[in-house]
Amino acid sequence: MSERALSFGAVAEAYDRFRPGYPDALVEQVLAYAGRPVRTALEIGAGTGKATRAFARRGVAVTASEPDPAMLAQLRRHALPGVTTVQAPLEVLPATAGYDLVFAAASLHWTTPDGRWSRVAGMLAPTGVFASFGGQRELADPAVRDRVEAVRSAYLDDDAIPSPDGTPPDRPMQWPGTELLASPWFTDVRQSVIEQRTPMAAADYVGHLSTVSAYLQLPAPRRREVLGAILAVLPPRVEMVGDIMIHLARRRTAPDTVAHAH
């Protein structure tokens, strides 16, 4: 796991405050895709529990795994019924639990590619499903976005996370759907998008940026400087585009198919 992946603990409280939650429509889509009762779920990289809470509210018993102790402490503060927490990355979790659902909310790109899908498949019941969802937020107004990029470029070339497998953004199927389609462990791969537009105070937008890994890699004085400069070019309120891309897949059950993956 990279240093960048473990950078969020330093801003765990801000992460919990400024990062958006997940809508009921997303949970409904995942549960409908499963096509059967989802009683147990494992979450990969739960962070402060934004997605954990969304699924727990629907009666799912969630085991929330998170490698960063500060992030996990924020999750535990909410004392959600039916939620078990484990401090561990995906790579050391036992692949034998048989969950109805394994899901990752804006965290899968921090996991190690080697052995990722065989491990996830091993955590699922024979009829289990996998879900990954998330998306990068950007300013809706192109003029405001250009002003921010002009300021940011003196500090960072980019603050986005590129596709982990290099899939261009104009391709019909995006990562991790691309990997799921190629994996012998999964089938019935689907991709969908929930569109979201969120108005917010400029200060809250900058608060969100303060939790983005690209900014967290900057020395603290430079980070404060760039965030202050961005706030100075923003109007009092901004509108965010926060579309959520969802990928769903089913664990393959045919023994001969699974055997080919060894």
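Quick notes on this one:
- Signed unit charges on C-beta, dipole axis of the chain, positive-most listed residue Val144, Ala232, Gln29: Gln29
- Gained length - Ala73 relative to Arg36, 0.36 nm times residue gap less alpha-carbon distance: 10.1 nm
- When the charge dipole of the chain is built from unit charges on Cβ atoms (+1 for Lys and Arg, -1 for Asp and Glu) and taken about the Cα centre, the candidate among Val38, Ala220, Ala70 whose Cα reaches farthest toward its positive end is Val38.
- Just the protein heavy atoms count here, and of the accessible area of segment 28-150 at 1.4 Å, carbon and sulfur take up 52 percent.
- Full extension of the chain between Gln87 and Ala160 gives 23.6 nm of extra length, using 0.36 nm per residue less the Cα-Cα distance.
- Loop exposure criterion: GluC sites (Glu not before Pro), DSSP state outside H, G, I, E and B, at most 11 other Cβ atoms within 10 Å. Applied to the chain, the longest stretch between such sites is 4-194.
- In the chain, helices alone account for a calculated mean residue ellipticity at 222 nm of -9000 deg cm²/dmol, with every DSSP H run of four or more residues adding -39,500 (n - 2.57).
- Given charges at beta-carbon only (K, R positive; D, E negative), |dipole| of segment 123-215 in Debye: 180
- Charge-dipole axis of segment 121-262 as Lys and Arg at +1 and Asp and Glu at -1 on Cβ define it, positive-most pick from Gln196, Tyr155, Pro168: Gln196
- Label-to-label distance, Asp188 versus Ala97, with points set 7 angstrom from Cα along the beta-carbon direction: 2.2 nm.
- Charged-residue dipole, Cβ positions (Lys, Arg, Asp, Glu), segment 1-141 about Cα centre, Debye nearest 20: 360
- Charge sum, other residues only, whose C-beta stays under 12 Å from Ala70's C-beta, Lys/Arg counted +1 and Asp/Glu -1: -2
- Cα gyration tensor category, rounded, prolate or oblate, for segment 55-110 with a/c compared to 1.5: oblate
- Counting only alpha carbon atoms, the long axis of helix 24-34 and the longest principal axis of the chain meet at about 20°.
- A 1.4 Å probe run over the protein chains yields, for the chain, 47 Å² of accessible area per residue, whole-number rounding.
- Degrees, to the nearest 10: 220-232 long Cα axis against longest axis of the chain: 70
- Net charge dipole, the chain: roughly 680 debye, given to the nearest 20, about the Cα centre with Cβ charges of +1 for Lys and Arg and -1 for Asp and Glu.
- Environment charge of Val11, counting only residues whose C-beta is closer than 11 Å and scoring Lys/Arg +1, Asp/Glu -1: 0
The values are calculated or read from the model by the stated rules, or taken from the named source; none is laboratory data. For clarity, every value in this text was computed on a predicted model and none was experimentally measured. Cβ sites come from the backbone with ideal geometry, for glycine too, and all protein chains shown count toward neighbours. The accessibility values were calculated without ligands, DNA or RNA, using every heavy atom of the protein model including side chains. Shrake-Rupley method; radii C 1.70, N 1.55, O 1.52, S 1.80 Å.
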